[in-house]
Amino acid sequence: MIAYHFPPLAGSSGIQRTLRFVQHLPALGWQPVVLTADPRAYEQTSEDLMRDVPASTPVCRAFALDTARHLNIKGRYPGWMARPDRWISWRFDAVRQGMRLIREHRPDVIWSTYPIATAHVIAQTLHRNTGIPWVADFRDPMAQEGYPSDPQTWRSYQRIEETALLQARHSVFTTPGAAAIYRERYPDAAERVEVLENGYDEESFSGSGLSLLPEKNPNGQRPLILLHSGIVYPSERDPTQLFMALQRLSASGRLKPTDVRIRFRASVHDSLLSSLATRFGVAEFIEMCPPVPYREALAEMLSVDALLVMQASNCNAQIPAKIYEYLRAGKPIIGLTDPAGDTAGVLRGAGLDAIARLDVTEEIEALLPAFLDGIRERRAVLPARDAVLRASRRGRSEALAQLLGRIVPS
């Protein structure tokens with residue numbers, strides 16, 4: 001399993017996918033061997049998930065550098081040193097270490113996972129050298145219209161995805177929309193394109209007892225806490241219209257800071273949120289909080305009043321990984337997303353209908369007060385239990401084991 005995102009990396013929900021497969025696959029008849037990057041390549045590290053890596057799992061950490069941090073001269077570096085991504089240096093030692101692991105463990109399948117494209121480059125080389133079947137886990141689309149913005153990087157993405165779709169035994173995506181895009185883009189590989197969604201890990205929720213709610217005022221009341229947990233991307237999760245809706249609701253007296261607090265946990269872009277809050281005069285409605293360890297983040301989801309997911313229409317074929325943890329938390333969820341996108345599809349599949357377009361102020365302005373009233377009056381809709389159970393990481397691991405079993409029937 002070739003994965004850049006692996007403990008002790010911190011700051012990305014993408015780490016959960018590989019980590020939970022590694023945890024659950026042994027009970028399903030498959031023994032993972034992990035090839036990942038040396039921790040020096042990570043911008044942030046944390047030991048909080050290291051204990052979740054099974055002691056029986058071989059983990060090889062190949063030498064890797066982050067071009068932007070390690071190879072810049074006065075803050076600049078040649079573009080070719082960061083194509084397809086800033087961790088292309090990982091490729092060289094990873095191929096060497098990967099061949100050693102193949103000689104030692106004789107694996108039946110090579111599995112690599114994007115969004116670090118270099119992982120697919122490594123896997124393709126090992127597949128070419130050995131003939132071992134390859135499963136390319138894309139998660140989300142790679143080469144998209146306008147992304148990556150640099151033309152040469154876009155072309156490198158396009159070459160990598162084309163090679164994977166043509167050579168890999170299966171190509172895996174996390175959403176139906178992404179799978180549909182690639183079946184249409186590569187019709188000769190359409191029958192080998194699979195959907196394997198993200199999910200939540202039940203064991204990580206057990207024992208979560210942290211409460212992060214504000215104190216009640218002398219009247220026994222407190223503002224409702226609406227939590228957005230994770231990165232706020234300036235384009236894909238642009239909250240501008242949400243802040244504008246807050247301004248209108250505040251100006252009309254329909255919403256006060258004592259009614260609701262929107263908490264952004266580990267947004268990465270606090271400066272954007274701060275400038276928007278100042279611009280629209282809604283700073284009293286907003287909290288910006290630093291990252292916390294993974295299990296504390298889950299505990300916070302369990303303790304707040306409601307959860308917020310944001311996904312713009314330019315990501316209709318993508319689903320934020322944390323939405324499955326939101327479902328497991330069992331709280332009301334408000335989705336600011338395109339009703340035609342896959343994120344809205346997951347919410348509706350769980351019986352949730354509090355959905356407004358992220359880029360339409362009027363829709364948010366109409367939805368937010370009604371959503372909050374439903375929470376106060378204890379009539380808010382909660383995620384359907386059957387949808388929650390389907391989203392468990394163990395269930396996803398069973399699906400992966402079935403896919404691997406089709407490649408290696410014995």
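The values are calculated or read from the model by the stated rules, or taken from the named source; none is laboratory data. Worth saying up front: this structure is predicted, and the values here are computed from it rather than measured. In this analysis, Cβ positions are derived from the backbone assuming ideal geometry, glycine residues included, and neighbour counts consider all displayed protein chains.
State all residues of region 168-208 that are under 28 Å from G131 (Cα atoms), among the acidic types (D, E) and out of contact with any strand residue (DSSP E or B) (no Cβ under 6 Å at 6 or more places or on another chain); if no residue qualifies, say none.
Selection gives E184, D188, E191, E197.
Of these, E377, E365, which one is over 25 Å from the mean Cα position of the chain (by Cα) and either crowded, with 20+ Cβ neighbours inside 10 Å or within 14 Å of G330 (Cβ to Cβ) (or both)?
None of the others qualify; the one that does is E365.
Hey, among A344, A356, A391, A366, which residue is under 19 Å from A178 (Cβ atoms), free of Cβ contacts under 8 Å to residues at least 24 places away in the same chain and in contact with a strand residue (DSSP E or B) (Cβ under 8 Å, 6 or more places away or on another chain)?
A344
For region 60-81, indicate whether the set of residues that are under 24 Å from L403 (Cβ atoms), surrounded by fewer than 22 Cβ atoms within 10 Å (Cβ to Cβ) and at pLDDT 95 or above is non-empty.
Yes, region 60-81 contains a residue that is under 24 Å from L403 (Cβ atoms), surrounded by fewer than 22 Cβ atoms within 10 Å (Cβ to Cβ) and at pLDDT 95 or above.
Which condition number does E215 fail, the rest of (1) at pLDDT below 95; (2) part of a strand (DSSP E or B); (3) of a type outside the set (A, V, I, L, M) being met?
Every condition holds for E215 apart from (2).
Looking at region 233-282 only, could you name the residues that are of a type in the set (D, E, K, R) and either outside the structural domain of D359 (by TED's automatic domain parsing) or under 21 Å from I375 (Cβ atoms) (or both)?
The answer is R248, R254, K256, D259, R261, R263, R265.
Which ones in region 311-331 are surrounded by fewer than 23 Cβ atoms within 10 Å (Cβ to Cβ) and either among the aromatic types (F, W, Y) or within 17 Å of V260 (Cβ to Cβ) (or both)?
K331
Touching a residue at least 12 places away in the same chain (Cβ under 8 Å) and under 21 Å from I160 (Cα atoms) - does that describe any residue in region 26-35?
yes
Take region 14-57 and flag every residue that is in a loop (DSSP other than H, G, I, E, B), in contact with a Phe, Trp or Tyr (Cβ under 9 Å, 6 or more places away or on another chain) and closer than 15 Å to T113 by Cβ.
Across region 14-57, the qualifying residues are G14, P32.
Among the numbered criteria (1) in contact (Cβ under 8 Å) with a residue 60 or more places away in the chain; (2) closer than 23 Å to Y42 by Cβ; (3) buried (at least 19 other Cβ atoms within 10 Å of the Cβ), which one does P115 miss?
(3)
Enumerate the pairs (first residue in region 162-178 and basic (K, R) and surrounded by fewer than 23 Cβ atoms within 10 Å (Cβ to Cβ); second residue anywhere and assigned to a loop (DSSP other than H, G, I, E, B) and modelled with pLDDT of 95 or more) with beta-carbon separation below 7 Å, excluding pairs fewer than 6 apart on the same chain, so at least 6 apart or on different chains.
Cβ pairs passing all conditions: R169/P133.
Tell me, which residue of region 128-154 that is closer than 19 Å to M81 by Cα and aromatic (F, W, Y) is surrounded by the fewest Cβ atoms within 10 Å (Cβ to Cβ)?
For region 128-154, the residue satisfying everything is Y147.
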